[in-house]
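Worksheet for the structure shown next.
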Amino acid sequence: MNITYDMVQEALGMFAFLAVELTLLFLLISYIVGILQEYIPPSKIQAILSGKNGKGYFVAGLLGAITPFCSCSTIPFLKGLLRAKAGFGPMMVFLFASPLLNPIIIGLFAVTFGLGVTMFYFVMAMGVSVISGYSLEKLGFERFIKTESYVEPKTSACGSASGESVPVNKWKAIWQITWVDFKKVLPYLMGGIALGSMIYGFMPTEFVSAMAGKDNPLAVPVAAIIGIPLYIRAEAVIPLSAALAAKGMGLGAVMALIIGSAGASLTEVILLKSIFKNQMITAFLAVIIGMAIGAGYLYGYIF
(Lines give C-alpha, C1' and ligand atoms only; values in the text may rest on other atoms or scores of the structure.)
Protein backbone atom coordinates (compact mmCIF):
# COMPACT_ATOMS: atom_id res chain seq x y z
CA MET A 1 0.00 0.00 0.00
CA ASN A 2 1.39 3.37 -1.04
CA ILE A 3 1.14 5.99 1.69
CA THR A 4 -0.19 9.22 0.23
CA TYR A 5 -0.31 12.77 1.51
CA ASP A 6 -4.08 12.46 1.91
CA MET A 7 -3.68 9.41 4.18
CA VAL A 8 -1.18 11.22 6.40
CA GLN A 9 -3.45 14.27 6.49
CA GLU A 10 -6.46 12.14 7.46
CA ALA A 11 -4.51 10.38 10.22
CA LEU A 12 -3.15 13.64 11.65
CA GLY A 13 -6.54 15.31 11.39
CA MET A 14 -8.22 12.42 13.20
CA PHE A 15 -5.54 12.44 15.92
CA ALA A 16 -6.02 16.16 16.56
CA PHE A 17 -9.81 15.83 16.53
CA LEU A 18 -9.91 12.82 18.86
CA ALA A 19 -7.26 14.23 21.21
CA VAL A 20 -9.29 17.41 21.75
CA GLU A 21 -12.69 15.66 21.81
CA LEU A 22 -11.77 12.81 24.15
CA THR A 23 -9.80 15.08 26.48
CA LEU A 24 -12.80 17.41 26.84
CA LEU A 25 -15.19 14.46 27.15
CA PHE A 26 -13.09 12.76 29.80
CA LEU A 27 -12.75 15.93 31.88
CA LEU A 28 -16.41 16.87 31.51
CA ILE A 29 -17.79 13.41 32.30
CA SER A 30 -15.39 12.90 35.20
CA TYR A 31 -16.42 16.23 36.68
CA ILE A 32 -20.15 15.47 36.24
CA VAL A 33 -19.64 12.06 37.88
CA GLY A 34 -17.86 13.82 40.76
CA ILE A 35 -20.81 16.17 41.18
CA LEU A 36 -23.25 13.25 41.14
CA GLN A 37 -21.18 11.49 43.79
CA GLU A 38 -21.37 14.66 45.90
CA TYR A 39 -25.18 14.55 45.90
CA ILE A 40 -25.88 10.83 45.50
CA PRO A 41 -24.31 8.87 48.35
CA PRO A 42 -22.30 5.77 47.41
CA SER A 43 -24.67 3.66 49.49
CA LYS A 44 -27.54 4.65 47.16
CA ILE A 45 -25.61 3.69 44.01
CA GLN A 46 -24.45 0.50 45.67
CA ALA A 47 -28.05 -0.39 46.59
CA ILE A 48 -29.37 0.29 43.06
CA LEU A 49 -26.59 -1.63 41.30
CA SER A 50 -26.05 -4.31 43.90
CA GLY A 51 -27.41 -7.03 41.64
CA LYS A 52 -28.56 -9.10 44.62
CA ASN A 53 -32.06 -9.60 43.27
CA GLY A 54 -31.17 -9.35 39.58
CA LYS A 55 -32.73 -5.91 39.19
CA GLY A 56 -29.34 -4.18 39.31
CA TYR A 57 -28.23 -5.86 36.07
CA PHE A 58 -31.18 -4.53 34.06
CA VAL A 59 -30.97 -1.10 35.71
CA ALA A 60 -27.30 -0.94 34.66
CA GLY A 61 -28.24 -1.93 31.11
CA LEU A 62 -30.95 0.74 30.94
CA LEU A 63 -28.55 3.28 32.43
CA GLY A 64 -26.13 2.42 29.64
CA ALA A 65 -28.89 2.78 27.04
CA ILE A 66 -29.77 6.35 28.05
CA THR A 67 -26.22 7.66 28.45
CA PRO A 68 -24.75 9.04 25.19
CA PHE A 69 -21.25 7.69 25.82
CA CYS A 70 -18.86 6.21 23.30
CA SER A 71 -16.58 3.31 24.26
CA CYS A 72 -13.89 5.67 25.63
CA SER A 73 -16.06 8.19 27.46
CA THR A 74 -17.65 5.32 29.43
CA ILE A 75 -14.38 4.97 31.40
CA PRO A 76 -14.79 8.00 33.73
CA PHE A 77 -18.29 6.83 34.68
CA LEU A 78 -16.90 3.34 35.29
CA LYS A 79 -14.33 4.81 37.70
CA GLY A 80 -17.15 6.53 39.55
CA LEU A 81 -19.07 3.26 39.88
CA LEU A 82 -15.96 1.52 41.20
CA ARG A 83 -15.44 4.15 43.89
CA ALA A 84 -19.14 4.00 44.78
CA LYS A 85 -18.65 0.24 45.29
CA ALA A 86 -21.38 -0.67 42.82
CA GLY A 87 -21.93 -4.36 42.20
CA PHE A 88 -19.28 -5.81 39.87
CA GLY A 89 -21.78 -7.61 37.61
CA PRO A 90 -24.04 -4.57 37.01
CA MET A 91 -20.97 -2.40 36.55
CA MET A 92 -19.77 -4.69 33.75
CA VAL A 93 -23.25 -4.65 32.19
CA PHE A 94 -22.98 -0.86 32.05
CA LEU A 95 -19.50 -1.08 30.51
CA PHE A 96 -20.75 -3.38 27.74
CA ALA A 97 -24.12 -1.71 27.12
CA SER A 98 -23.31 1.99 27.30
CA PRO A 99 -21.39 2.43 24.01
CA LEU A 100 -23.55 -0.11 22.15
CA LEU A 101 -26.99 1.18 23.15
CA ASN A 102 -26.49 4.91 23.40
CA PRO A 103 -29.35 7.01 21.95
CA ILE A 104 -27.28 8.24 18.99
CA ILE A 105 -26.58 4.72 17.69
CA ILE A 106 -30.16 3.53 18.24
CA GLY A 107 -31.60 6.58 16.44
CA LEU A 108 -29.25 6.23 13.46
CA PHE A 109 -29.89 2.48 13.37
CA ALA A 110 -33.65 3.04 13.09
CA VAL A 111 -33.28 5.65 10.36
CA THR A 112 -30.74 3.65 8.32
CA PHE A 113 -31.80 0.02 8.73
CA GLY A 114 -35.40 0.18 9.98
CA LEU A 115 -37.14 -0.71 13.23
CA GLY A 116 -36.90 -4.50 12.82
CA VAL A 117 -33.11 -4.51 12.54
CA THR A 118 -32.87 -1.93 15.33
CA MET A 119 -34.95 -4.09 17.68
CA PHE A 120 -32.78 -7.13 16.86
CA TYR A 121 -29.64 -5.13 17.62
CA PHE A 122 -31.06 -3.75 20.88
CA VAL A 123 -32.17 -7.17 22.17
CA MET A 124 -28.83 -8.78 21.27
CA ALA A 125 -26.71 -6.04 22.83
CA MET A 126 -28.80 -5.79 26.00
CA GLY A 127 -29.17 -9.56 26.40
CA VAL A 128 -25.49 -10.39 25.93
CA SER A 129 -24.44 -7.48 28.18
CA VAL A 130 -26.64 -8.67 31.05
CA ILE A 131 -25.67 -12.34 30.66
CA SER A 132 -21.96 -11.49 30.41
CA GLY A 133 -22.02 -9.19 33.44
CA TYR A 134 -23.79 -11.86 35.51
CA SER A 135 -21.42 -14.61 34.31
CA LEU A 136 -18.23 -12.64 34.96
CA GLU A 137 -19.40 -11.89 38.49
CA LYS A 138 -20.21 -15.53 39.20
CA LEU A 139 -16.81 -16.58 37.79
CA GLY A 140 -15.06 -14.24 40.23
CA PHE A 141 -13.53 -11.87 37.69
CA GLU A 142 -13.82 -9.02 40.18
CA ARG A 143 -10.41 -10.09 41.49
CA PHE A 144 -8.87 -8.81 38.26
CA ILE A 145 -9.65 -5.16 39.03
CA LYS A 146 -6.55 -3.24 40.10
CA THR A 147 -6.70 -2.28 43.77
CA GLU A 148 -5.82 1.37 43.12
CA SER A 149 -8.93 1.75 40.92
CA TYR A 150 -11.09 1.81 44.05
CA VAL A 151 -9.09 4.59 45.69
CA GLU A 152 -10.25 8.17 45.21
CA PRO A 153 -7.34 10.53 44.50
CA LYS A 154 -6.45 12.75 47.43
CA THR A 155 -6.95 16.46 46.99
CA SER A 156 -4.59 19.04 48.41
CA ALA A 157 -5.64 21.46 51.10
CA CYS A 158 -4.01 24.69 52.20
CA GLY A 159 -2.66 24.68 55.73
CA SER A 160 -3.80 27.29 58.21
CA ALA A 161 -1.57 29.32 60.51
CA SER A 162 -2.31 26.87 63.31
CA GLY A 163 -1.15 23.96 61.19
CA GLU A 164 -4.67 22.55 60.70
CA SER A 165 -5.92 21.84 57.20
CA VAL A 166 -8.58 24.08 55.76
CA PRO A 167 -11.30 22.32 53.71
CA VAL A 168 -11.10 23.02 49.99
CA ASN A 169 -14.14 24.39 48.15
CA LYS A 170 -16.10 21.29 47.11
CA TRP A 171 -16.26 22.32 43.44
CA LYS A 172 -12.51 22.84 43.39
CA ALA A 173 -12.02 19.52 45.21
CA ILE A 174 -14.07 17.70 42.55
CA TRP A 175 -11.98 19.33 39.83
CA GLN A 176 -8.74 18.31 41.58
CA ILE A 177 -9.89 14.68 41.67
CA THR A 178 -10.88 14.92 38.00
CA TRP A 179 -7.49 16.36 37.05
CA VAL A 180 -5.54 13.71 39.00
CA ASP A 181 -7.57 10.99 37.23
CA PHE A 182 -6.94 12.60 33.86
CA LYS A 183 -3.16 12.79 34.38
CA LYS A 184 -3.11 9.07 35.25
CA VAL A 185 -4.86 8.03 32.03
CA LEU A 186 -3.29 10.66 29.72
CA PRO A 187 -0.45 8.40 28.42
CA TYR A 188 -2.97 5.61 27.74
CA LEU A 189 -5.36 8.05 26.09
CA MET A 190 -2.80 9.60 23.74
CA GLY A 191 -1.26 6.23 22.87
CA GLY A 192 -4.64 4.77 21.99
CA ILE A 193 -5.64 7.79 19.94
CA ALA A 194 -2.37 7.61 18.00
CA LEU A 195 -2.92 3.93 17.12
CA GLY A 196 -6.56 4.45 16.20
CA SER A 197 -5.74 7.48 14.04
CA MET A 198 -3.07 5.57 12.11
CA ILE A 199 -5.51 2.77 11.37
CA TYR A 200 -8.20 5.27 10.43
CA GLY A 201 -5.91 7.08 8.01
CA PHE A 202 -4.09 4.15 6.43
CA MET A 203 -6.73 1.39 6.21
CA PRO A 204 -9.00 2.02 3.18
CA THR A 205 -12.66 1.02 3.26
CA GLU A 206 -12.08 -1.04 0.07
CA PHE A 207 -9.77 -3.33 2.04
CA VAL A 208 -12.34 -3.82 4.80
CA SER A 209 -15.07 -4.54 2.24
CA ALA A 210 -12.88 -7.07 0.38
CA MET A 211 -11.91 -8.90 3.58
CA ALA A 212 -15.53 -9.14 4.76
CA GLY A 213 -17.39 -9.46 1.47
CA LYS A 214 -20.43 -11.66 0.86
CA ASP A 215 -18.35 -14.42 -0.75
CA ASN A 216 -16.04 -14.80 2.24
CA PRO A 217 -17.34 -17.55 4.58
CA LEU A 218 -15.37 -15.97 7.42
CA ALA A 219 -16.73 -12.49 6.70
CA VAL A 220 -18.54 -12.14 10.05
CA PRO A 221 -15.58 -12.94 12.36
CA VAL A 222 -13.24 -10.92 10.13
CA ALA A 223 -15.57 -7.90 10.34
CA ALA A 224 -15.89 -8.29 14.12
CA ILE A 225 -12.11 -8.38 14.60
CA ILE A 226 -11.50 -5.52 12.16
CA GLY A 227 -14.04 -3.43 14.08
CA ILE A 228 -12.08 -3.52 17.35
CA PRO A 229 -9.04 -1.45 16.26
CA LEU A 230 -11.17 0.93 14.19
CA TYR A 231 -12.10 3.73 16.58
CA ILE A 232 -15.35 4.87 14.95
CA ARG A 233 -17.57 7.51 16.51
CA ALA A 234 -21.24 6.68 17.07
CA GLU A 235 -22.24 9.29 14.51
CA ALA A 236 -20.00 7.67 11.88
CA VAL A 237 -20.32 3.93 12.48
CA ILE A 238 -23.82 3.60 10.99
CA PRO A 239 -23.24 5.67 7.82
CA LEU A 240 -19.90 3.90 7.29
CA SER A 241 -21.59 0.52 7.67
CA ALA A 242 -24.28 1.50 5.17
CA ALA A 243 -21.56 2.53 2.70
CA LEU A 244 -19.70 -0.77 3.18
CA ALA A 245 -22.96 -2.70 2.64
CA ALA A 246 -23.41 -0.78 -0.61
CA LYS A 247 -19.87 -1.83 -1.61
CA GLY A 248 -20.75 -5.49 -1.17
CA MET A 249 -20.24 -6.31 2.51
CA GLY A 250 -22.79 -8.85 3.77
CA LEU A 251 -25.35 -7.49 6.24
CA GLY A 252 -24.33 -10.04 8.89
CA ALA A 253 -20.75 -8.79 8.59
CA VAL A 254 -22.03 -5.21 8.78
CA MET A 255 -23.77 -6.04 12.07
CA ALA A 256 -20.55 -7.60 13.42
CA LEU A 257 -18.53 -4.55 12.35
CA ILE A 258 -20.94 -2.17 14.08
CA ILE A 259 -20.83 -4.09 17.37
CA GLY A 260 -17.06 -4.58 17.23
CA SER A 261 -16.28 -0.94 16.44
CA ALA A 262 -18.89 0.64 18.74
CA GLY A 263 -18.42 -1.82 21.61
CA ALA A 264 -14.67 -1.55 21.93
CA SER A 265 -11.65 0.24 20.48
CA LEU A 266 -7.90 0.21 20.93
CA THR A 267 -8.18 3.49 22.79
CA GLU A 268 -10.71 2.04 25.25
CA VAL A 269 -8.66 -1.13 25.77
CA ILE A 270 -5.57 0.94 26.55
CA LEU A 271 -7.59 3.10 28.97
CA LEU A 272 -9.03 0.01 30.65
CA LYS A 273 -5.48 -1.19 31.38
CA SER A 274 -5.33 1.56 33.99
CA ILE A 275 -8.28 -0.14 35.77
CA PHE A 276 -8.22 -3.85 34.89
CA LYS A 277 -5.59 -6.58 34.92
CA ASN A 278 -4.86 -8.44 31.66
CA GLN A 279 -7.26 -11.29 32.47
CA MET A 280 -10.16 -8.84 32.70
CA ILE A 281 -9.11 -7.10 29.48
CA THR A 282 -9.10 -10.47 27.71
CA ALA A 283 -12.57 -11.30 29.06
CA PHE A 284 -13.89 -7.90 27.98
CA LEU A 285 -12.61 -8.35 24.42
CA ALA A 286 -13.91 -11.93 24.29
CA VAL A 287 -17.42 -10.73 25.19
CA ILE A 288 -17.44 -7.96 22.57
CA ILE A 289 -16.01 -10.15 19.80
CA GLY A 290 -18.32 -13.04 20.76
CA MET A 291 -21.32 -10.71 20.76
CA ALA A 292 -20.35 -9.30 17.37
CA ILE A 293 -19.84 -12.72 15.77
CA GLY A 294 -22.98 -14.22 17.32
CA ALA A 295 -25.14 -11.26 16.28
CA GLY A 296 -23.67 -11.30 12.77
CA TYR A 297 -24.41 -14.98 12.13
CA LEU A 298 -27.83 -14.84 13.83
CA TYR A 299 -28.78 -11.77 11.81
CA GLY A 300 -27.81 -13.50 8.57
CA TYR A 301 -29.92 -16.52 9.61
CA ILE A 302 -33.03 -14.56 10.65
CA PHE A 303 -33.01 -11.89 7.98
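The values are calculated or read from the model by the stated rules, or taken from the named source; none is laboratory data. A quick note: this is a predicted structure, and the numbers were derived from the prediction, not measured. Using ideal geometry, Cβ is built from the backbone for each residue, glycine included, and neighbour counts are taken over all protein chains shown. In case anyone asks, the SASA skips ligands and DNA or RNA and just uses the protein heavy atoms, side chains included. Shrake-Rupley method; radii C 1.70, N 1.55, O 1.52, S 1.80 Å.
Residues in the range 267-288 that are part of a helix (DSSP H, G or I), out of contact with any strand residue (DSSP E or B) (no Cβ under 8 Å at 6 or more places or on another chain) and open to solvent by less than 50 Å² (accessible area, probe 1.4 Å): Thr267, Glu268, Val269, Ile270, Leu271, Leu272, Ile281, Ala283, Leu285, Val287, Ile288. Name every residue in the range 245-266 that is open to solvent by 30 Å² or more (accessible area, probe 1.4 Å), in contact (Cβ under 8 Å) with a residue 12 or more places away in the chain and in a helix (DSSP H, G or I), in order of residue number. Result: Leu251, Leu266.
Conditions (1) of a type in the set (Gly, Ala, Ser); (2) on the phi > 0 side of the Ramachandran plot; (3) touching a helix residue (DSSP H, G or I) at 6+ places or on another chain (Cβ under 9 Å); (4) modelled with pLDDT under 85, marked per residue:
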residue: Ser43; (1), (2), (3), (4): yes, no, no, yes
residue: Lys52; (1), (2), (3), (4): no, no, no, yes
residue: Phe58; (1), (2), (3), (4): no, no, yes, no
residue: Cys70; (1), (2), (3), (4): no, no, yes, yes
residue: Ile75; (1), (2), (3), (4): no, no, yes, yes
residue: Val93; (1), (2), (3), (4): no, no, yes, no
residue: Val111; (1), (2), (3), (4): no, no, yes, yes
residue: Val117; (1), (2), (3), (4): no, no, yes, no
residue: Val123; (1), (2), (3), (4): no, no, no, no
